[in-house]
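The numbers here are math on the coordinates, done by the rules we state, and not lab data. Predicted model only: the values in this text are computed from it and were never measured. Cβ coordinates were reconstructed from backbone atoms using ideal geometry, including for glycine residues, and neighbour counts include every protein chain displayed.
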Amino acid sequence: MHPISTSNGRRYEARPDESLLDAAMRHGVILDYSCRTGRCGTCKGRVIAGDTISTHDELGLSAAERRQGYILTCVRQACGPVELEVDDLGDIVLPEVKTLPCRIQTLERLSQDVVRVVLRLPPTSGLDALPGQYIDVIGAEGLRRSYSIANAPRADKQIELHIREVPDGVMSHYWFQRAKVNDLLRLHGPLGTFFLRDQAGKDLVLLATGTGIAPVKAILEGLVRLADEVQPRSITIYWGGRHRDDLYWQAPDFPRLRFVPVLSRADDAWHGARGHVQNVLLGDKPDLPSTLVYACGSDAMIHSAQSQLRAAGLPERQFHSDAFVCSAAT
Ligand SMILES: Cc1cc2nc3c(=O)[nH]c(=O)nc-3n(C[C@H](O)[C@H](O)[C@H](O)COP(=O)(O)OP(=O)(O)OC[C@H]3O[C@@H](n4cnc5c(N)ncnc54)[C@H](O)[C@@H]3O)c2cc1C
Ligand code: FES
């Protein structure tokens, strides 16, 4: 076991064969994370002292970050005592992660390349999840891919997913060509830290592209259930697609909610916002010190939104993201 200490006084031990992230979580030290494959950059930390070794390419780090000593805790193991500069999420307790059998309850085409899948669990099982978290779906021969849960927990315990077809994708081929109602699958989760925190009194901005609207929908459903005193001051959803057909969901009526669909390749008949969600947000001149941003969807949108918003004055800790990067194991 190797002793790990963090800049804000947390201490835990890591086995030589486990990631710094897994070791932290095993000890109840919750670090921000999403993909767990070194691609998204959410679990970034800086090594102050000690030696670590990477188990996968750290694609989520820029060259400058590598030079400054940043690492990705999901794909790094300790080689000895390590001192890390990394934020943790404080006293948050995450729901238990489980592996459960499930069956397809319904399958429905939402647009040309998006399908809505509802999974049902056995009557004796349940999955607690915080709105915004994701699951891994495990199909035939152990094929495993990540999908955000598109609903807040429901009484019937069913789980809704919005799945985009990735050209030549192995799991996409299953969802779009072979999947049928009652198919038996397994799920593993809930995973990730893309859930609301510290939203009371803030201007909450939910940025999504494509099926990135799935966890945004779940977060909104969760917000409806929260007491008035922890509600944000305002909620704005910017949802981006290319064409009108990509906008397969309509926001419900909710107090203080503004819904802004944005198209990047709209035809002349479109009278809504055009371009990219992050630019439309900045064009609206948000009061950045009191704004809390949750961004979900394409990696490109998230990187651009994060760098532009930070340059414009958004405090670093007020930007959270879930990048829908490739979730195939490497
Ligand atoms: C935390 C998380 C949550 C996610 N939630 C959702 C969700 O709710 N809905 C959803 O539609 N997708 C979601 N994704 C993305 C989804 O897991 C991948 O798109 C999926 O892995 C594609 O699987 P596949 O087997 O069809 O393609 P693969 O066989 O894995 O890949 C085929 C080819 O496409 C590339 N590729 C795969 N995925 C992507 C991608 N996302 N972007 C660009 N290129 C890609 C691969 O590099 C490969 O070249 C999420 C990903 C993560 C990490
Ligand atoms: S890079 Fe570690 S969680 Fe995505």
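Summary of computed values
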read-out: Karplus-derived HN-Hα couplings along segment 137-151 (A = 6.51, B = -1.76, C = 1.60, θ = phi - 60°), whole Hz, x at Gly and Pro; value: 9, 10, x, 4, 6, x, 4, 9, 9, 9, 9, 6, 7, 9, 9
read-out: Sequence ranges 217-224, 164-171, ranked by mean other-Cβ count within 10 angstrom, highest first; value: 217-224, 164-171
read-out: Cα centroid separation, segment 235-249 to segment 98-150 (Å); value: 22
read-out: Segment 41-172 - percent relative contact order, Cα under 8 Å, separation 6 or more; value: 18
read-out: Which of 157, 285, 202 has the fewest Cβ neighbours within 10 Å, and the rest in rising order; value: 285, 157, 202
read-out: Two-site FRET efficiency, residue 120 against residue 243, from Cβ-Cβ distance with R₀ of 25 Å, rounded to 0.05; value: 0.15
read-out: Reachable lysines from residue 202, criterion Cα separation under 26 angstrom, eight or more residues apart if same chain; value: 44, 217, 285
read-out: Taking 116, 154 and counting other C-beta atoms within 10 Å, the order from fewest to most; value: 154, 116
read-out: Relative contact order (percent, whole number), the chain, Cα cutoff 8 Å, 6+ residue spacing; value: 15
read-out: Straight-distance crosslink candidates among aspartates and glutamates, where the alpha carbon sits under 18 Å from residue 180 and sequence neighbours closer than 8 are dropped; value: 108, 113, 141, 160, 165
read-out: Order of 12, 238 under a 10 Å beta carbon neighbour criterion, fewest first; value: 12, 238
read-out: Listed residues 271, 27, 188, most fluctuating in the chain (Gaussian network, C-alpha, under 10 Å); value: 271
read-out: Separation of the residue 98 and residue 1 label points, Cα + 7 Å toward Cβ, nm; value: 2.9
read-out: Segment 1-118, relative contact order in percent, only Cα pairs under 8 angstrom and at least six apart counted; value: 29
read-out: Local electrostatic count, residue 85, Cβ distance below 11 Å [Lys/Arg +1, Asp/Glu -1]; value: 0
read-out: Peptides ranked, highest mean first, by Cβ atoms within 10 Å: ranges 228-236, 29-37, 73-81; value: 29-37, 73-81, 228-236
